[in-house]
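Could you have a look at this structure, given as structure tokens, before my questions?
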Amino acid sequence: MGEQLSPDEKLHLITRNLQEVLGEEKIKQVLAERELKVYWGTATTGKPHVAYFVPMSKIADFLKAGCEVTILFADLHAFLDNMKAPWELLALRVQYYEQVIKAMLESIGVPLDKLKFIKGTEYQLSREYTLDVYRLSSMVTEHDAKKAGAEVVKQVDHPLLSGLLYPGLQALDEEYLKVDAQFGGVDQRKIFTLAEKYLPTLGYAKRSHLMNPMVPGLTGSKMSSSEEESKIDLLDRKEDVKKKLKKAFCEPGNIENNGVLSFVKHVLFPLAGEFSIKRDPKFGGDKIYTNFEEVEKEFSEELIHPGDLKASVEVALNKLLDPIRKKFESPELRKLTNLAYPDPSKNMAKWLFGIQTIFPTVVSGLVAYVSQEALQDRLVLLLCNLKPQKMRGVESQAMLLCASIEGDPRRVEPLDPPEGSAPGDRVYVEGYETGKPDDKLNPKKKVWEKLQVDLKVSADCVAQWQDKHLMTKLGNITCKTLKGGNIS
């Protein structure tokens, strides 16, 4: 691949549809002498979804241009990113990612023998790499590390030290994988610039960086593994694909933040070189487009109806997903999927939420950011089955849950049970009404710490876990004003 192409033709393939390239002149110099070595890494956290076809289509471009491509399954990064992948699931999730990424590549006709696959822990636990982590951490400031990971590492009220290590490790990967360039989404730009700044201080070469745009999800925002409504899973059934596409944001004439249109641009055209619209003859009949600009223009002029666009994308997408679904019908891969991504209800059942009344006599000094007056004679939400510990001389096994938004000053509000609630009412997560909670959470297993990161306040001020409401039989748990706040 790529032997008959000129350096300029190779550069065009490597950079087409990218949002930004850092170090393009260096790439040109390499292409004038030899093939470019590039790597793409993915942290093995949530299940890959259809937006992963965007980097897959670029990997196809790299191979057409003759690049030597390495795919990194960043298992250690997955653990460092606020424990998105628990240590005991790391190996299983790497296996899942390897199987599903290879299935995606095969579905778009990419030859696997032209790719190199590697696990992060195959080299990131070596003596040399570990020493470089220490060397780098003695140079990078806390400010730079936090800033670099701001758009990639999960942001929480009380971040773990591991999240600050994440960007530095990703920078070191460029040296240890011996590549000329790293490829990723534009959300990783700050990590890339950190690598460009600090690798030379260790005596290593500064690499080039290739950045894809962030493709909007079905809701118009970034497609995310943790937001069910924003994504289509690679193993979703055809009826689920139809249902999700039907609900997708695709306003007539609007080409901004349109996830359906973006999928046509960044996946279907690079892979097929054309896109077919199927529609009734009275609305113009079927038409094959050979460039995306014509599709975009006609959609903006409302010559293509959103319903026709969605239906045509549905057909093309299912063609890509069919071989992946078929591969994962095997008993072995079904078992792997269930082991790598166990039913969260098994953990949710361990939580015991309850409602209690806080009286003035026990309020003093309870929470640093909530005034005594805010808690007097009112119902609040408590996590009730913690290991007992003494607080101000009184043994307690409950923790008050509040919504908060960082700032100066930090804003904190207690959560509000629905009207008519009474002390002792049980609170549950929507869809997880059944299940017997543990009498006492085992602090060594860090169940609360792992699940707390997905507790948020919605735009409607409803308390949620993974976009599902916290509620009682009387209604939703809410807060008064802190939209988008964290819950802890």
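The values are calculated or read from the model by the stated rules, or taken from the named source; none is laboratory data. If you're wondering where the values come from, they're calculated on a predicted model, not measured in any experiment. When we count neighbours, we look across all protein chains shown, and the Cβ atoms used for this are built from the backbone with ideal geometry, even at glycine. Calculation scope for accessible area: heavy atoms of the full protein, side chains included, ligands and nucleic acids excluded. Shrake-Rupley method; radii C 1.70, N 1.55, O 1.52, S 1.80 Å.
Given H placed 1.01 Å from N in the peptide plane, which residues other than close sequence neighbours of residue 214 have an amide H under 5 Å from its amide H?
Those lying under 5 Å, H to H, from residue 214 are 186.
Got a sec to turn the phi values of region 46-60 into Karplus ³J(HN,Hα) couplings, 6.51 cos²θ - 1.76 cosθ + 1.60 with θ = phi - 60°, whole Hz, x for Gly and Pro?
Values per residue, Gly and Pro as x: x, 5, x, 10, 5, 5, 5, 5, 5, x, 4, 5, 6, 4, 4 Hz.
If DNA, RNA and ligands are ignored and the probe is 1.4 Å, what is the ranking of 140, 50 by accessible area, most exposed first?
Final ranking, largest accessible area leading: 140, 50.
Let me check something: with ligands and nucleic acids excluded, how do 141, 44 order by accessible area (1.4 Å probe), largest to smallest?
Largest accessible area first, the residues go 141, 44.
Starting from 0.36 nm per residue, how many nanometres of slack lie between residue 483 and residue 91 once their C-alpha separation is accounted for?
137.5 nm is the gain from fully extending residue 483 to residue 91.
Could you give the length gained on full extension between residue 301 and residue 12, defined as 0.36 nm per residue of separation minus the Cα-Cα distance, in nm?
Gain in length upon complete extension: 101.1 nm.
Could you size up the charge dipole of region 268-321 around its Cα centre, putting +1 on the beta carbon of Lys and Arg and -1 on that of Asp and Glu, and report it in debye to the nearest 20?
Rounded to the nearest 20 debye, it is 260 debye.
Using a 1.4 angstrom probe with every protein chain in place, what is the largest-first accessible-area order of 56, 139?
139, 56
Show the residues, 5+ positions off or on another chain, whose built amide H is closer than 5 Å to the amide H of residue 416.
The answer is 478, 479.
In addition: What distance in nm separates the two pseudo spin-label positions at residue 254 and residue 206, each 7 Å out from Cα along the beta-carbon direction?
4.1 nm
Out of residues 5 or more away from residue 41 or on other chains, whose amide H comes under 5 Å of its own, with H placed 1.01 Å from N in the peptide plane?
Those lying under 5 Å, H to H, from residue 41 are 72, 183.
Taking θ = phi - 60°, what integer Hz values does the Karplus form 6.51 cos²θ - 1.76 cosθ + 1.60 yield along region 124-137, in sequence order, with x for Gly and Pro?
Those phi angles translate into 6, 9, 6, 4, 5, 5, 4, 5, 5, 4, 5, 4, 5, 5 Hz.
While we're looking at this one, here's another question. Can you give me the pair-distance distribution of region 7-212, C-alpha pairs, 10 Å bins, whole percents?
Final binned percentages: 8, 36, 38, 16, 1.
Once the convex hull of the C-alpha atoms of region 1-90 is built, how many Å³ does it hold per residue, rounded to a whole number?
114 Å³
Further, regarding this structure: With each pseudo-label sitting 7 Å past Cα toward Cβ, what's the residue 141-residue 474 distance in nm, one decimal?
5.1 nm
Working out 0.36 nm times the residue gap between residue 129 and residue 330, then minus their Cα-Cα distance, what length gain in nm do you get to one decimal?
So the extension gain works out to 68.6 nm.
Mind listing the phi-derived Karplus ³J(HN,Hα) values for region 245-257, rounded to whole Hz, using 6.51, -1.76 and 1.60 with θ = phi - 60°, and x for any glycine or proline?
5, 4, 8, 5, 5, 7, 5, x, x, 8, 9, 8, 6
What does the highest-first list of 278-285, 35-42, 182-189 look like by mean Cβ count within 10 Å?
Peptide ranking by packing, descending: 35-42, 182-189, 278-285.
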